[in-house]
Amino acid sequence: MPQIPQTLHELSVGQLSARSGAAVSALHFYESKGLITSSRTSGNQRRYSRDALRRVAFVRAAQRVGIPLATIRDALAELPDERTPNREDWARLSEAWRKELDDRIGQLHRLRDHLTDCIGCGCLSLETCVLSNPDDISGERITGSRLMPERKPPTEDPA
Ligand code: FES
């Protein structure tokens with residue numbers, strides 16, 4: 001991994017890519033999603049502060065465990081003064097994300113356990129197939145599209 005002199009306070013996108021291991025295109029994508037920011041030189045080239053290294057490491061670690069970018073962005077946005085996440089931030093956020101990961105792992109276990117029922121079937125039934133309609137929580141409560149306003153059952157007319 002290339003070393004960056006401590007005296008260098010701003011990094012080009014190539015330096016940030018080489019040091020962080022993230023592709024240049026990924027860094028541009030992170031920037032477009034508001035996960036990192038850059039300034040521009042007079043020649044319109046991006047320059048990143050050294051803090052961007054830690055932010056990229058944070059984003060990549062969170063992505064590796066399946067945290068959506070929008071969730072990561074929200075977490076970074078909560079940090080005061082757009083500061084770089086530190087060890088305590090990571091501990092706090094990873095604890096909060098643990099429940100979400102546990103839920104997802106549980107869902108994957110259930111899907112795996114039902115996969116053998118689907119092998120060779122191919123029906124993808126919305127009523128019976130867990131692959132087609134996993135964890136149909138709303139199906140127990142209402143029928144039809146979840147996007148439709150929920151209708152209350154008609155009340156009896158007291159008259
Ligand atoms: S494909 Fe038929 S039950 Fe899943």
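A few points about this structure:
- Every pair of residues 6+ apart whose Cβ atoms lie under 8 Å, when the first sits in the stretch 115-131 and is in a loop (DSSP other than H, G, I, E, B) and of a type in the set (Phe, Trp, Tyr) while the second is open to solvent by 80 Å² or more (accessible area, probe 1.4 Å) and near the ligand (Cβ under 6 Å from one of its atoms): none
- Boolean, residue 110 is closer than 30 Å to residue 130 by Cα, free of Cβ contacts under 8 Å to residues at least 60 places away in the same chain and open to solvent by 60 Å² or more (accessible area, probe 1.4 Å): yes
- Residue 124 vs. criteria within 13 Å of the ligand (Cβ to nearest atom) and either open to solvent by 80 Å² or more (accessible area, probe 1.4 Å) or modelled with pLDDT of 80 or more (or both): yes
- Selection within the stretch 77-107 - of a type in the set (Lys, Arg), surrounded by 11 or more Cβ atoms within 10 Å (Cβ to Cβ) and part of a helix (DSSP H, G or I): 92, 98, 104
- Residues satisfying the stated conditions in the stretch 33-49, i.e. surrounded by fewer than 16 Cβ atoms within 10 Å (Cβ to Cβ) and under 27 Å from residue 88 (Cα atoms): 33, 34, 37
- Counting the residues of the stretch 23-32 that are more than 15 Å from residue 51 (Cα to Cα) and open to solvent by less than 50 Å² (accessible area, probe 1.4 Å) gives 1.
The values are calculated or read from the model by the stated rules, or taken from the named source; none is laboratory data. Not measured: the values here are computed from a predicted model. Positions of Cβ are generated from backbone atoms using ideal geometry, with glycine treated the same way; all protein chains shown enter the neighbour counts. The protein model used for the area step is the full one, side chains on, heavy atoms only, and it has no ligands, DNA or RNA in it. Shrake-Rupley method; radii C 1.70, N 1.55, O 1.52, S 1.80 Å.
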